[in-house]
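S.K.: Can you keep this structure in mind? I'll have questions shortly.
The values are calculated or read from the model by the stated rules, or taken from the named source; none is laboratory data. Here the structure is a predicted model, which means the values were calculated and not measured. Because the Cβ atoms are built from the backbone with ideal geometry, glycine has one as well, and the counts that use them run over all protein chains shown.
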Amino acid sequence: MVVYGIDSSMTTIKRKYSSLLENHFADGPEMAFLAGPRQVGKTTIARLFQQGKSVYINWDNEDHRRMIMEGPARVAEYIGLPSSPVVIFDEIHKFPHWKNFIKGFYDTFAVPAKLQIIITGSARLDIYRKGGDSLMGRYFLYRIHPLSVAELLFPQDLKQAETGNPGRLPDEQWQRLLRFGGFPQPFRRGNKQFYHRWKRTRISQIFREDIHDIARVHDIRLVEIMAELLNHQAGQLTSYASLARKIRVSEESIRRWLDILESLYYCFSVRPWHHNIARSLRKEPKYYLWDWSMVGSDGARAENFIASHLLKAVHYWTDIGLGDFNLSFLRTKDKREVDFLVSRDSQPWFLVEVKSGSAPLSKNLAYFQKVTGARHAFQVALDDPFIDADCFAIPYPVKVPARTFLSQLV
């Protein structure tokens, strides 16, 4: 029996992205690129698609790597065309000439044989610039995120509208999501000891392996120190100069290292919205972690939790073609602030302020809703109980429970 996307033995978590792949290949022949952080489930999603009918090729496998370097014809021979309809290339972006290889394989073998190609990567697939010819028109990119409230509730719902009906996530799963994060393994296990071991292994892989794959960094320990500082100041305005002074390196190094950590999906930046906002901040971003469970304080973790859900929503809506969505924040030089603004096609859509349930409604929501023309303005309370109401039916500033609001996203 499947309840809220998890089977009764807790061994399988149904993912929305599995249905997304089915929908993708039903629509056309383009390749599907799955990008996202380590351990988020990209390979599992890919291998479960057309299970038993796929060929899995992993750049990190020495035999597979040698075969790829021999060229597309050798890979086609290995696959045994046209008997296997699905081919999965895992981490192939580590190959310096991967774009030329994929372009040649796709044009020469995949199109005639009507292959369905899935490419996965734990670093942003667009940061590898040595691939030669563009793959434009041959693929669509899907950014894979950790589990969220709505995905646990509605794992097979590929809604064509941005928001859906609310649903109540069981309390045990809600608390597990907050405490252990949305990465499938620690969420499924729900065990503190396993979580700490898993987290230590994942962080070690990022700093001991992944950074070396994409950049030359002489002192990895300094990057780790910067990452630790980010854990303690998630959601705060980021001063590159301040970080540089604390670590005793140049601002240029700080900016480069932050770019590397973003490319590896360790953290993400949210930048200020300044269109038509008098005295708006224009430069200082905020940084949040992809794994909100690593954030120290309860208040910062709550804000990061909401930020991660919003980022997942704007990525998903953009990736499936509903429009061009973006996540920003609002802050003026006189310190008026709202935590988040979601825009659609460069137009403000809704505002989000994260507060406790006992906090009064922020006056800044009404102010910035009037200034930006946003349709909705929500004060989201993490500790309020679920109510069965459509948040997006309310056009004025309103307090809403996080359990309700997040269930209507992705």
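S.K.: Can you pull out the residues in the range 56-89 that are aliphatic (A, V, I, L, M) and either more than 26 Å from the chain's Cα centre (by Cα) or surrounded by fewer than 17 Cβ atoms within 10 Å (Cβ to Cβ) (or both)?
M.R.: Matches in the range 56-89: Met67, Ile68, Met69, Ala73, Val75, Ala76, Ile79, Leu81.
S.K.: Continuing with the same structure: Within the range 279-298, can one find any residue that is of a type outside the set (Ser, Thr, Tyr), closer than 20 Å to Pro397 by Cα and over 17 Å from the mean Cα position of the chain (by Cα)? Can you show your working first?
M.R.: The initial filter retains those residues of the range 279-298 that are of a type outside the set (Ser, Thr, Tyr), namely 279, 281-286, 289-292, 294-296, 298.
From the residues that got through so far, the ones that are closer than 20 Å to Pro397 by Cα too are none.
No, the range 279-298 contains no residue that is of a type outside the set (Ser, Thr, Tyr), closer than 20 Å to Pro397 by Cα and over 17 Å from the mean Cα position of the chain (by Cα).
S.K.: Would you check which residues across the range 1-54 are at pLDDT 95 or above and either in contact with a His (Cβ under 7 Å, 6 or more places away or on another chain) or among the β-branched types (Val, Ile, Thr) (or both) and list them?
M.R.: Ala32, Gly36, Val40, Thr43, Thr44, Ile45
S.K.: Can we say Pro397 is closer than 16 Å to Ala313 by Cα and touching a helix residue (DSSP H, G or I) at 6+ places or on another chain (Cβ under 9 Å)? Break it down into steps so the answer makes sense when it comes.
M.R.: Details: closer than 16 Å to Ala313 by Cα: no; touching a helix residue (DSSP H, G or I) at 6+ places or on another chain (Cβ under 9 Å): yes.
No: the conditions fail for Pro397.
S.K.: If I ask for residues that are surrounded by fewer than 24 Cβ atoms within 10 Å (Cβ to Cβ), in contact with a helix residue (DSSP H, G or I) (Cβ under 9 Å, 6 or more places away or on another chain) and hydroxyl-bearing (Ser, Thr, Tyr), which ones from the range 289-329 would you list?
M.R.: Selection gives Ser293, Ser297, Ser308.
S.K.: Anything in the range 160-178 that is surrounded by fewer than 15 Cβ atoms within 10 Å (Cβ to Cβ) and within 20 Å of the chain's Cα centre (by Cα)? List them, or say none. Steps first, answer last, please.
M.R.: At the first step, the residues of the range 160-178 found to be surrounded by fewer than 15 Cβ atoms within 10 Å (Cβ to Cβ) are 160-161, 165, 170-172, 175.
Within the range 160-178, Gln160, Ala161 qualify.
S.K.: Can you pull out the residues in the range 200-240 that are in contact (Cβ under 8 Å) with a residue 60 or more places away in the chain, assigned to a loop (DSSP other than H, G, I, E, B) and among the aliphatic types (A, V, I, L, M)?
M.R.: Scanning the range 200-240 gives a single hit, Ala234.
S.K.: Considering every residue within the range 111-134, establish whether at least one is without any contact (Cβ under 8 Å) to a residue 40 or more places away in the chain and surrounded by 17 or more Cβ atoms within 10 Å (Cβ to Cβ).
M.R.: Yes, the range 111-134 contains at least one residue that is without any contact (Cβ under 8 Å) to a residue 40 or more places away in the chain and surrounded by 17 or more Cβ atoms within 10 Å (Cβ to Cβ).
S.K.: Among Ile254, Ile220, which is over 19 Å from the mean Cα position of the chain (by Cα), hydrophobic (A, V, I, L, M, F, W, C) and buried (at least 18 other Cβ atoms within 10 Å of the Cβ)?
M.R.: Numbers: Ile220 fails: buried (at least 18 other Cβ atoms within 10 Å of the Cβ).
Testing whether each residue is over 19 Å from the mean Cα position of the chain (by Cα), hydrophobic (A, V, I, L, M, F, W, C) and buried (at least 18 other Cβ atoms within 10 Å of the Cβ) leaves just Ile254.
S.K.: Can you list the strands (runs of 3 or more DSSP E) lying wholly within the range 285-365 that have 2 or more residues being closer than 26 Å to Glu228 by Cβ? I'd like the intermediate steps shown before the answer.
M.R.: Values: elements: 286-289, 325-331, 337-344, 347-355.
By residue number, 286-289, 325-331, 337-344.
S.K.: Next question, about the same structure. Checking the conditions here, which among Asp383, Asp390 is farther than 19 Å from Ala307 by Cα and either among the polar types (S, T, N, Q) or touching a residue at least 24 places away in the same chain (Cβ under 8 Å) (or both)?
M.R.: On the way: Asp383 fails: farther than 19 Å from Ala307 by Cα.
After applying the criteria, what remains is Asp390.
S.K.: Just need a number here: residues in the range 330-354 that are within 25 Å of His145 (Cβ to Cβ) and buried (at least 20 other Cβ atoms within 10 Å of the Cβ). I'd like the intermediate steps shown before the answer.
M.R.: In the first step, residues of the range 330-354 are kept if they are within 25 Å of His145 (Cβ to Cβ); the result is 330, 338-354.
Now restrict to residues that are buried (at least 20 other Cβ atoms within 10 Å of the Cβ): 330, 338-343, 348-354.
Total meeting the criteria: 14.
S.K.: While we're on this one: Among the residues of the range 193-216 satisfying the criterion of being charged (D, E, K, R) and loosely packed, with under 11 Cβ neighbours inside 10 Å, which is nearest to Pro37 (Cα to Cα)? First the steps, then the outcome.
M.R.: From the range 193-216, those charged (D, E, K, R) are 197, 199-200, 202, 208-210, 213, 216; that's our starting set.
Of the ones still in play, those that are also loosely packed, with under 11 Cβ neighbours inside 10 Å are 200, 216.
Working: Arg200: 15, Arg216: 20 Å.
That would be Arg200.
S.K.: Further, regarding this structure: Considering only the range 258-284, how many residues are outside any loop (DSSP other than H, G, I, E, B), touching a residue at least 60 places away in the same chain (Cβ under 8 Å) and farther than 22 Å from Gln39 by Cβ?
M.R.: So the count comes out to 1.
S.K.: Across the range 393-410, what is the total count of residues that are over 20 Å from Phe154 (Cα atoms), out of contact with any strand residue (DSSP E or B) (no Cβ under 6 Å at 6 or more places or on another chain) and either free of Cβ contacts under 8 Å to residues at least 12 places away in the same chain or not aliphatic (A, V, I, L, M) (or both)?
M.R.: Step one: filter the range 393-410 for residues over 20 Å from Phe154 (Cα atoms), giving 393-400.
From the residues that got through so far, the ones that are out of contact with any strand residue (DSSP E or B) (no Cβ under 6 Å at 6 or more places or on another chain) too are 393-396, 398.
Next, from what is left, pick out any that are either free of Cβ contacts under 8 Å to residues at least 12 places away in the same chain or not aliphatic (A, V, I, L, M) (or both): 393, 395-396.
Residues in the range 393-410 being over 20 Å from Phe154 (Cα atoms), out of contact with any strand residue (DSSP E or B) (no Cβ under 6 Å at 6 or more places or on another chain) and either free of Cβ contacts under 8 Å to residues at least 12 places away in the same chain or not aliphatic (A, V, I, L, M) (or both): 3 in total.
S.K.: How many residues are farther than 20 Å from Asn23 by Cβ, in contact with a Ser or Thr (Cβ under 9 Å, 6 or more places away or on another chain) and either not in a helix (DSSP H, G or I) or not assigned by TED's automatic domain parsing to the domain that holds Gln50 (or both) when one looks only at the range 89-119?
M.R.: Of the residues in that region, 3 qualify.
S.K.: Taking the conditions exactly as written (touching a helix residue (DSSP H, G or I) at 6+ places or on another chain (Cβ under 9 Å) and part of a helix (DSSP H, G or I)), does His145 satisfy them or not?
M.R.: So His145 fails the test.
S.K.: Follow-up. Taking the range 388-408 on its own, how many of its residues are part of a loop (DSSP other than H, G, I, E, B) and in contact with a Gly (Cβ under 8 Å, 6 or more places away or on another chain)?
M.R.: Filtering the range 388-408 down to residues part of a loop (DSSP other than H, G, I, E, B) leaves 388-390, 394-397, 408.
Still in the list and also in contact with a Gly (Cβ under 8 Å, 6 or more places away or on another chain): 408.
Within the range 388-408, residues that are part of a loop (DSSP other than H, G, I, E, B) and in contact with a Gly (Cβ under 8 Å, 6 or more places away or on another chain) number 1.
S.K.: Let me ask another. Hey, could you check the range 45-88 for residues that are among the basic types (Lys, Arg) and either part of a helix (DSSP H, G or I) or not assigned by TED's automatic domain parsing to the domain that holds Ser18 (or both) and say which is nearest to Val111 (Cα to Cα)?
M.R.: Of the range 45-88, the ones among the basic types (Lys, Arg) are 47, 53, 65-66, 74.
Subset that is either part of a helix (DSSP H, G or I) or not assigned by TED's automatic domain parsing to the domain that holds Ser18 (or both): 47, 65-66, 74.
Details: Arg47: 21, Arg65: 23, Arg66: 24, Arg74: 17 Å.
Among residues in the range 45-88 that are among the basic types (Lys, Arg) and either part of a helix (DSSP H, G or I) or not assigned by TED's automatic domain parsing to the domain that holds Ser18 (or both), the one nearest to Val111 (Cα to Cα) is Arg74.
S.K.: How do the pairs read when you match residues in the range 176-199 that are part of a helix (DSSP H, G or I) with residues anywhere that are modelled with pLDDT under 95, using Cβ under 7 Å and keeping only pairs 6 or more apart or on different chains?
M.R.: Pro184/Ile13; Arg188/Met10; Arg188/Ile13
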